[in-house]
1. Looking at the chain as a GNM with Cα springs under 10 Å, which of 148, 265, 194 has the largest mean-square fluctuation?
2. Among [x] 29, 25, 20; [y] 37, 26, 16; [z] 38, 28, 25, only one was calculated for this model; which label is it, if the read-out is semi-axes √(5λ) of the Cα gyration tensor in Å?
3. Okay, helix-only estimate at 222 nm for the chain: each DSSP H run of n ≥ 4 adds -39500 (n - 2.57), divide by all residues, round to 500 deg cm²/dmol; what do you get?
4. Which percent, to the nearest 5, of DSSP beta bridges fully inside segment 4-306 are antiparallel?
5. Using 0.36 nm times the number of residues separating residue 145 and residue 223, minus their current alpha carbon distance, what extension gain do you get?
6. For residue 233 and residue 288 in one chain, what is 0.36 nm times their gap in residues minus the Cα-Cα distance, to one decimal in nm?
7. For the chain, with a Gaussian network of springs between Cα atoms less than 10 Å apart, report the residue from 45, 142, 228 with the top mean-square fluctuation.
8. Just to be sure I understand the model, the point goes 7 Å from the Cα along the line to the Cβ. What's the resulting residue 189 to residue 299 distance in nm?
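Derivation of every value follows stated rules applied to the coordinates shown; laboratory data play no part. All of these numbers come straight from a predicted model, not from anything done at the bench. When we count neighbours, we look across all protein chains shown, and the Cβ atoms used for this are built from the backbone with ideal geometry, even at glycine.
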């Protein structure tokens, strides 16, 4: 299998030319506006890797969320997270749904960990294709010493305060805020990465509506090490949205069902992850059928035989 960097080296070079200089995140630049010239490069990746049958399920739910956002309500999309191509593919598939899908894709504002902007210039360049609010993730604070790492802790607080201020400013302006509740890509060797982070409870508390989105299929496979060295492969990818839910009602129900549980915030996030898992499980047969159809097609058979 080829790595992301090896398979798309020409696109990586082009993206680096369009992106800003590699910059450190501060409280002054947490809101990052998309660089539109980079998006077509990511679309080429998606077009190369996605097999026929890829698409959006439950589009009517995303349309409902967008309608609520346009009306002035705050809406958060909660997506499963498997790779750094999840957002590019979600945007690509949305725009394949016609004008309404393009409008929804254009309304996305992603919450992104600062690692995507600071660790690798190529990753930062592709991340820059999308408008986002950069945060200092809680997982990045683990292991820091309150005395030895005082400056870094102060920096994290400053960044996150600025991020929340930006979020308050945009979330009721017709935008759909996109959050990965696990806070990181799922790594099969670390089951903890499949668990939602408790801070997501605060997002749910501060929004009017939420819409869960499950992901079936994988074209980028996480490896230990540099993110650009993840392996790529072709696959059918289905992104399936569940019904739009009232955040207040969902949170109240989750907390009530967790009576006797000490950590009510984590209980709420665990309930989110269960919904995503349910959608993932029930929508997987659709992806499997699409993949089987492709494999049995003349093109699929030729590719299998040439492997």
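1. Maximum among the listed residues: 148.
2. Given [x] 29, 25, 20; [y] 37, 26, 16; [z] 38, 28, 25, the calculated one carries the label [x].
3. Calculated at 222 nm, the ellipticity per residue is -14500 deg cm²/dmol.
4. Just about 35 percent of them are antiparallel.
5. Contour length minus the Cα-Cα distance gives 25.3 nm.
6. 18.2 nm
7. Largest GNM mean-square fluctuation: 142.
8. 3.5 nm
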